[in-house]
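What follows is one structure encoded as structure tokens, with my remarks underneath.
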Amino acid sequence: MEALSLTTSLSSKTQRKVALIISLANLAVFALSIPFGRTAGPTVAAFLPAFLTAVFVFDVLTAYLFYNQYRINRRASQLALALTYLYSALIAVPHALTFPGVFSPTGLLHAGSQTAVWLWVFWHAGYPLGILVTLWLEHRRNDPYTEQGAKRRAALGGPAIVLLVTGISLLAICGHDLLPVIIKKDNFTLLITSGVGVVVWVINAAAFACTLFFTRGRSVAQLWLIVAVFAMWLDVTLTLFSGSRYSIGWYVARLNTLLSASIVLLGLIHEITALYVKVARQDQRIKHQAYHDALTNLPNRTLFSERLQSSLQLAAERDEKVAVLFIDLDGFKLINDTYGHDMGDLLLVEVAKRLSSCVRAHDTVARMGGDEFTVILPHTKRLEDAEMVSERILNLLREPIRLQDHHLHISSSIGLSFYPDDGTDTLSLMKNADIAMYKAKESGKNQSFRFQGGTSK
């Protein structure tokens, strides 16, 4: 059985609709920006460092989330996806440092005029290539690694990406004269005519087509990955169309990069929250089942004992009394034998409702098993108050119960014990209430008896 993870959780119909709406909205913005794509925009110096910092943070967090999914499922495709986002995050750093006009007029690290644009090429070609590798690994034999094998590959993969980005950065910085000229005075025309931009565009188009065709957004991660790759493809398309830096199309393309970097992270965070809520609800369900009777939904013996112990501790601190009622149904066995267990179960459910209607909201009615019930009455000021509750229960249970066209008649025998008069712990109070209940049965049933000083009255 495969471990539950973000990469294996199936996407819902609602999630697919949201992803489609986001993609269509992105496509609409792209289409609306085309007529103004080549229009020169303002040169905002603070835009690029803020934008690249955000991309770096988003991609690092996404890489970390996918790496943790890899730790769970130990599959090669998930490691490839984590390393792809790590690559995208790391290469944004030299791109920011060498971009003209950000930290210096010509860029830091002795960057040449071609350095930043070639880093953009390696970035926007490397990310979709990483996605294609992920898809290839996903659709070949993708059995989990052993735990040691998974650790070894992760230990090699991370440093390999760092070395790859370092090598690419050194090539773009130190060897920029060896690379073809693809930009002149912030103009991207050569990026297209040289064929370099076209190759980047084709790789992104292939990554989007393959992600959509092979995954169909079946899992949550795959769904948001489609949106991210689509945004990156629009980014490349608009960048090439805009023709120059700081044009309207160039700015909109950068927003597509930001969407591509953030949408998977936001989708995974939403899924983490959904999984947390699901686990929390399951935990609540398990706890409820552990502490409640399955038939009547009343607290069971375990929860009754815990609540009684808490009530006694509070009563000791406040110098209050606590009453315990032990209730046994009279004539239940006859009804059960006559009408069957199903009718007996229905009767117990109705009795539970009637008992609950006789007490206050902070009192506890519990089913101990069979036809035995107990009641805790904390904050009892007078013993007579508890006796009034027991009398109310006796009267209500005497009334006929109609179930499936049958009028059933039962009664109850009730034993009462009080803290601290009849015991100072749960065992003694329960034992003495039980003794009093049997005294009520022996005396003719359909009545309540109070335990006192070793006798009942």
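FYI, it's all coordinate maths here, none of it is from the lab. This one's a predicted model, so the numbers in the text were calculated from it and none came from an experiment. Methodologically, a virtual Cβ is constructed for each residue, glycine included, from the backbone with ideal geometry; neighbour enumeration extends over all protein chains shown.
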Legend entry - Unit charges at the beta carbon, dipole of segment 13-286: most positive-side option, T106, T257, A154: A154
Legend entry - Stokes-Einstein D (µm²/s) once Rh is taken as the Kirkwood radius of segment 342-442 over alpha-carbon pairs, at 37 °C in 0.692 mPa s: 226
Inset, instruction - Find out how many positive minus negative residues lie around S11, taking Lys and Arg as positive, Asp and Glu as negative, among other residues whose Cβ is under 11 Å from that of S11. - result: +4
Inset, instruction - Holding the Cα-Cα limit at 26 Å, pick out from K333/K381; K13/K151; K381/K431; K333/K439; K333/K445 the pairs that are longer than that. - result: K333/K381; K13/K151
Legend entry - Test item: Cα-centred dipole of the chain, Lys/Arg +1 and Asp/Glu -1 on Cβ, debye: 1560
Inset, instruction - May I have the convex hull volume per residue, in Å³, for the Cα set of the chain? - result: 235
Legend entry - Paramagnetic label zone (point 7 Å from Cα along Cα-to-C-beta, F214; backbone N under 12 Å) in segment 141-168: 141-142
Legend entry - Modelled FRET efficiency - R0 56 Å, E399 with L10, Cβ distances, 0.05 increments: 0.60
Legend entry - Volume in Å³ per residue [convex hull over Cα atoms, computed for segment 126-285]: 158
Legend entry - Whole-Hz couplings from phi, Karplus 6.51/-1.76/1.60, listed for segment 353-360; x for Gly and Pro: 5, 5, 4, 5, 6, 8, 10, 7
Legend entry - Under Karplus coefficients 6.51, -1.76 and 1.60, residue-wise ³J(HN,Hα) of segment 393-410 in Hz, glycine/proline x: 5, 4, 5, 5, 6, 6, 5, x, 10, 9, 9, 6, 6, 10, 9, 9, 10, 9
Legend entry - Antiparallel DSSP beta bridges within segment 324-453, as percent of all bridges there, nearest 5: 85
Inset, instruction - Would you grab the residues whose amide H sits under 5 Å from the one on S244? Only those 5+ places off in sequence or on another chain, please, with H modelled 1.01 Å from N. - result: F188
Legend entry - Label point 7 Å beyond Cα of D337 along Cβ direction - residues of segment 392-408 with amide nitrogen under 19 Å: 408
Inset, instruction - Between L190 and Q452, with labels modelled 7 Å along Cα→Cβ, what's the label distance in nm to one decimal, could you check? - result: 10.7
Inset, instruction - Add +1 for every Lys or Arg and -1 for every Asp or Glu among the other residues with Cβ under 15 Å from the Cβ of K431, and state the total. - result: -3
Legend entry - Ellipticity estimate at 222 nm from DSSP helix runs (n ≥ 4, -39,500 (n - 2.57)) divided over the chain, nearest 500: -22000 deg cm²/dmol
Legend entry - Paired Rg and Dmax values of segment 13-286, which use every Cα atom, in angstrom: 19.3, 67
Legend entry - Stretch gain in nm, segment L295-E387, where the contour uses 0.36 nm per residue and the Cα spacing is subtracted: 30.3 nm
